[in-house]
1. Suppose the chain between Thr201 and Phe136 were pulled fully straight at 0.36 nm per residue; how much longer would it get relative to their current alpha carbon spacing?
2. With θ set to phi - 60°, apply the Karplus curve 6.51 cos²θ - 1.76 cosθ + 1.60 along region 198-205 and write out the HN-Hα couplings as whole Hz, x wherever there is a Gly or Pro.
3. How far apart, in nanometres, would the label points at Arg220 and Leu91 be if each is projected 7 angstrom from Cα along the Cα-to-Cβ direction?
4. If neighbour count is taken as other Cβ atoms inside 10 Å, put His176, His182, His159 in order from fewest to most.
5. Residue-wise, which Karplus ³J(HN,Hα) couplings in Hz belong to region 104-120, taking 6.51 cos²θ - 1.76 cosθ + 1.60, θ = phi - 60°, and x for glycine or proline?
6. What ranking do Met84, Met98 get, fewest neighbouring Cβ atoms within 10 angstrom at the top?
7. Using amide H atoms built 1.01 Å from N in the peptide plane, name the residues 5+ places from Ile245, or on other chains, whose amide H lies under 5 Å from its own.
8. Once amide H atoms are placed 1.01 Å from N in the peptide plane, what residues at a sequence separation of 5 or more from Lys206, or on another chain, have their amide H within under 5 Å of its amide H?
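Every read-out reported here was derived from the displayed coordinates using simple, explicitly stated rules and does not represent laboratory data. Computed from a predicted structure; not experimentally measured. Neighbour counts run over all protein chains shown; Cβ positions are idealised from the backbone, glycine included.
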Amino acid sequence: MKPLPVLAALCALSSPALAQEDHSQMDHSQMDHGNMDHSEEKADGANHGDHSGHDMQSKPMSQSPQSQSGPPDAADAIWGAEAMQASRKALYNDHGNMKLFWFQGDRVEFRARQGADGYLWDVQGYYGGDYDKLWFKSEGEGSFGEEIEQAEVQALWSHAIGPFFDLQAGVRQDFHGPDRTHLVIGAQGVAPYFLEIDIATFLSSKGDLTARIEGEYDHRLSQKLIVQPRAEINLSAQDIPALEIGAGIDSIEAGLRLRYEITPEFGPYFGIEREWKLGGSRDFAIADGEDPSVTSYVVGLRFWF
């Protein structure tokens, strides 16, 4: 690869204004050189840097938006599009296509509630570049001294479909109750006003179709104190008696957590969450002698690295 096209690409990216500004368009007629007053200029050589005696009457030259930035392909006119395409590709591979690893414990918490106290984990992470990533997710909960109520792991391929959203597809494996493997397709990203959204549909190995919608928002009360409202809706296309899930809206969860970020990567929190089982799922819960609506007081930790 020729070094000069690479240098031209860097110059065009860093200083496009230099390539675009046309000095022949400057209007010098507005500068009144005759009104410059040189009579007050000091003779002392030590004061040559003092221009306070100059009475500049000229108007400042206006700059058009085009003089501040140029097209990204400005160097093509000099070096040719083919040469610059190779240079831009090298620049992207060296500086814009780095592989990153990220892991977050979004909710790792103790839950105090009526009956047996419980626990919950909700973690996720990825490895990949700007457009494609391998995404990992795991959720689960239970009560102390009892079997795990729900646990799952997801392995997903994630592809960017816009600046703020990824399309995700893969598999989910459940590790509680009847054995279930699911195909997963969904989307995850940041909606306007920094609302974090995670939407997924699941088709199980038994032919059951379910869906989940999650949303949360971080509202900063200060640099370190954050209040986070969160909601989750679970839906099912049919009754699933083996999992005690009814058709329609299975359950709704809504909560509020107050977090103190000791560092951006580490923040303990406390809060409250309410869960309602609806429709057929409510009937299943009542038949088992369970309360279809449960309030939990939570204390937990949010971290990432």
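1. 21.8 nm
2. Coupling constants for region 198-205: 9, 10, 8, 10, 10, 10, 7, 5 Hz.
3. 3.1 nm
4. His159, His176, His182
5. Karplus-based 3J(HN,Hα) across region 104-120 equals 9, x, 6, 9, 10, 8, 9, 10, 8, 8, 5, x, 7, 5, x, 8, 8 Hz.
6. Values: Met84 22, Met98 10.
Ranked by crowding around the Cβ, least crowded first: Met98, Met84.
7. Residues meeting the amide H criterion: Ile240.
8. Long-range HN contacts for Lys206: Thr181.
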